[in-house]
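Every read-out reported here was derived from the displayed coordinates using simple, explicitly stated rules and does not represent laboratory data. Given the structure is predicted, the values throughout are model-derived calculations rather than measurements. Methodologically, a virtual Cβ is constructed for each residue, glycine included, from the backbone with ideal geometry; neighbour enumeration extends over all protein chains shown.
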Amino acid sequence: MAREISDGTDGGKITVSDGGPYQVEGGVPLLDHEGTGIESKPTYFLCRCGGSKNKPFCDGTHSSNNFNGQEFASKDSLADRAESLVGEGVTIHDDRSRCSHAGACTDNLSEVFNFGVEPWIDPSGAGADEIARVVSLCPSGALSYSLSGSPEHVEKLEGPSITVVKDAPYAVRGVQLVAGDGEEYDALERQTLCRCGGSRNKPFCDGSHWYMGFKHQMGDDSSSSPGG
């Protein structure tokens with residue numbers, strides 16, 4: 001089974017507060033949707049209820065807008081969650097429990113990823129290199145891959161970082177995520193965390209922002225300032 005883990009030891013940490021924001025420690029770089037750095041403190045707090053007037057930072061709105069921050073996501077290992085589909089020279093690992101429905105796979109390689117047919121993944125629809133390239137575009141880490149002859153694929157990306165995606169979740173790279181009960185989620189290199197408040201798979205994004213009409217990109221809020 002492929003595990004996509006950071007090879008660093010100082011990638012910072014994100015802790016899901018009980019009914020509150022994400023607490024980010026370790027000076028993890030925070031970026032806007034264009035990749036420009038956002039000023040932040042070594043420890044900062046990111047809104048996850050969707051209501052802050054100081055997005056992406058928390059302003060305490062979660063305490064007055066009936067936000068339900070309960071975590072529903074499985075803490076089972078990736079090996080237990082994902083289905084593996086074997087192709088020529090490559091195996092695709094599909095973890096539906098982490099999909100944010102961003103469409104990077106279907107938009108870029110419909111010969112392999114096609115929601116219009118069953119099964120929706122055809123691992124023989126393209127070459128191993130092209131499949132690996134497109135799988136690496138998956139922001140949530142729901143898709144990963146391993147190459148034939150290699151027991152495990154370790155993906156090395158630029159990071160750690162958190163990107164505030166326009167009208168969409170936080171795209172997290174190379175940062176350990178810790179649940180409100182103190183238990184760690186498995187250390188995937190790519191993850192998407194809900195920031196609209198509506199996901200039914202908290203703390204991970206499940207695409208609910210699309211249906212809610214969630215809107216925000218850096219620059220929308222003139223009051224934005226470093227979180228602390």
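Using the alpha-carbon positions of the range 31-85, Rg (one decimal) and Dmax (whole number) come out as 16.2, 46 Å.
Counting only chymotrypsin sites (Phe, Trp or Tyr not before Pro) that DSSP places in a loop and that have at most 15 other Cβ atoms within 10 Å, the longest clean stretch of the chain runs over 121-228. Charges were assigned to the Cβ only: +1 to each Lys and Arg, -1 to each Asp and Glu. The resulting dipole of the range 70-185 about its Cα centre is roughly 300 debye. Counting beta carbons within 10 Å around each of CYS99, CYS105 and listing the fewest first gives the order CYS99, CYS105. Once the C-beta distance of THR43 and ARG133 is scaled by a Förster radius of 30 Å, the resulting FRET efficiency is 0.25 to the nearest 0.05. Between TRP210 and LEU147, how high is the FRET efficiency from 1/(1 + (r/R0)^6) when r is the Cβ-Cβ distance and R₀ = 30 Å? Nearest 0.05. That pair, TRP210 with LEU147, gives E of 0.35. Applying 0.36 nm per residue to the separation of ARG96 and GLN217 and subtracting their alpha-carbon distance, the gain on full extension is 40.9 nm. Our summary of shape: the Cα atoms of the chain have principal axis extents of 52, 38, 32 Å, ordered from largest down, in whole angstrom.
Here r is the Cβ-Cβ distance between ASP32 and ALA187 and R0 is 25 Å; the resulting FRET efficiency, rounded to 0.05, is 0.50.
Placing pseudo-labels 7 Å out from each Cα toward the beta carbon at SER74 and GLU118 gives an inter-label distance of 1.9 nm. The convex hull of the Cα atoms of the range 73-117, projected and averaged over all directions, covers 4.0 nm².
Pairs spanning more than 26 Å between alpha-carbon atoms, out of LYS53/LYS202; LYS13/LYS75; LYS55/LYS75; LYS13/LYS55: LYS55/LYS75.
Working note: Debye formula, equal point scatterers on the alpha-carbon atoms of the range 78-147, no solvent; log10 I(q)/I(0) at q = 0.21, 0.22, 0.24 Å⁻¹ is -0.82, -0.91, -1.10. Since only ALA73, GLY19, THR163 are under comparison, the one whose Cα sits farthest along the positive direction of the charge dipole of the chain, derived from C-beta charges on Lys, Arg, Asp and Glu, is GLY19. The 3J(HN,Hα) values that the Karplus relation (6.51, -1.76, 1.60; θ = phi - 60°) gives for the range 131-148 are, in residue order, 4, 4, 4, 6, 4, 5, 7, 5, x, 8, x, 4, 10, 9, 8, 9, 9, 4 Hz. Gly and Pro appear as x. About its Cα centre, the dipole of the chain is roughly 800 debye, where the only charges are +1 on Lys and Arg Cβ and -1 on Asp and Glu Cβ. In this simple spin-label model, placing a label point 7 Å from the Cα along the Cα-to-Cβ direction at both LYS166 and ASN108 gives a separation of 1.8 nm. Computed extension gain for LYS13 through GLU83, at 0.36 nm per residue and net of the alpha carbon distance, reaches 22.4 nm.
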